[in-house]
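Peer 1: Take a look at this one; I'll ask things after.
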Amino acid sequence: MNTRTTKTAPSGKVEHANFAEAMAAFQAELPEVGKASEAAVEEQDGTVRTYRYAGLPDISAAVLPALGRHGLSFVTRPLARVDGFVLSYEMMHEKQGGVVGTFPLPDPMTTPADEFGYQVSRARRIALCAITGVAPGGSDEATRQATSEPQAAAAPTRDWIAEAGQFDDPEQIKSLWHELRDEVKAGRAKQATLDAVAELARQATPAADEPEPSS
């Protein structure tokens, strides 16, 4: 007759024979993940609504120590493949077994560094939840709102490039560039638009008095 044996070390770590046993024990005492992060969404009528959600730091702080207690580890890394970039992830048991997978990532050569970093964190969060069975309350709803509603509200309302092209005074273009930069930081305008306005400012400015870089 086959029997499963587990041992609890003085440190509180529980020893299991393999991955399946360890994962079953982990999921039997699935950690509760609190919604410690807060985000704001601007509605189409201009009102701002805030909500709480569980981000990657919240999930990792609750889940990773619980995994380690059962001899499980979770490792990720961005990886370039022939078919594109992915986040490679592994959950392994210290003695035997594990699972591996990938999650698609954008091309880091054509994606702004901040956006690529966000996509890596997002992929880590999704993979960790999917592979462990953790489902933070409200997290999926928060993700949908954070990714879809701001995009709908961010439809361009100003033609920044055409506006800059109307100015002959480089100081006016520079002033517009600074205003546009704030919009880019807030996610309401694109970096490519900012670069185009910066180029117009350079063309209108004497070589000795060029505007600051757009990066």
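Peer 1: Out of the residues in the range 128-146 that are under 23 Å from M23 (Cα atoms) and outside any helix (DSSP H, G or I), state the one that is modelled with the highest pLDDT.
Peer 2: Filtering first and then ranking leaves G133.
Peer 1: Continuing with the same structure: Taking only the range 153-168 into account, find how many residues are modelled with pLDDT of 80 or more, of a type outside the set (S, T, N, Q) and assigned to a loop (DSSP other than H, G, I, E, B).
Peer 2: 1
Peer 1: Here is a further query. For residues that are more than 24 Å from V14 (Cα to Cα) and surrounded by fewer than 16 Cβ atoms within 10 Å (Cβ to Cβ), tally how many sit in the range 53-68.
Peer 2: Final tally of qualifying residues: 1.
Peer 1: Mind listing just one residue for me: the one in the range 69-120 that is surrounded by 14 or more Cβ atoms within 10 Å (Cβ to Cβ) and among the β-branched types (V, I, T) and, of those, modelled with the lowest pLDDT?
Peer 2: Within the range 69-120, the match that is modelled with the lowest pLDDT is T111.
Peer 1: How many residues, within the range 169-198, are of a type outside the set (K, R), more than 15 Å from P112 (Cα to Cα) and either touching a Phe, Trp or Tyr at 6+ places or on another chain (Cβ under 9 Å) or part of a helix (DSSP H, G or I) (or both)?
Peer 2: 15
Peer 1: Can you confirm whether A198 is modelled with pLDDT of 80 or more, among the small types (G, A, S), in contact with a Ser or Thr (Cβ under 6 Å, 6 or more places away or on another chain) and not assigned by TED's automatic domain parsing to the domain that holds T110?
Peer 2: Yes: the conditions hold for A198.
Peer 1: Right, next: Output the residue which, of all residues in the range 18-68 that are more than 20 Å from I131 (Cβ to Cβ) and of a type in the set (A, V, I, L, M), is modelled with the highest pLDDT.
Peer 2: V48
Peer 1: Now a separate question. Out of all the residues in the range 100-127, which are in contact with a helix residue (DSSP H, G or I) (Cβ under 9 Å, 6 or more places away or on another chain), of a type in the set (S, T, N, Q) and in a loop (DSSP other than H, G, I, E, B)?
Peer 2: Correct list: T111 only.
The values are calculated or read from the model by the stated rules, or taken from the named source; none is laboratory data. These numbers come from a predicted model, not from an experiment. Note: ideal-geometry Cβ built from the backbone for every residue, glycine included; neighbour counts use all protein chains shown.
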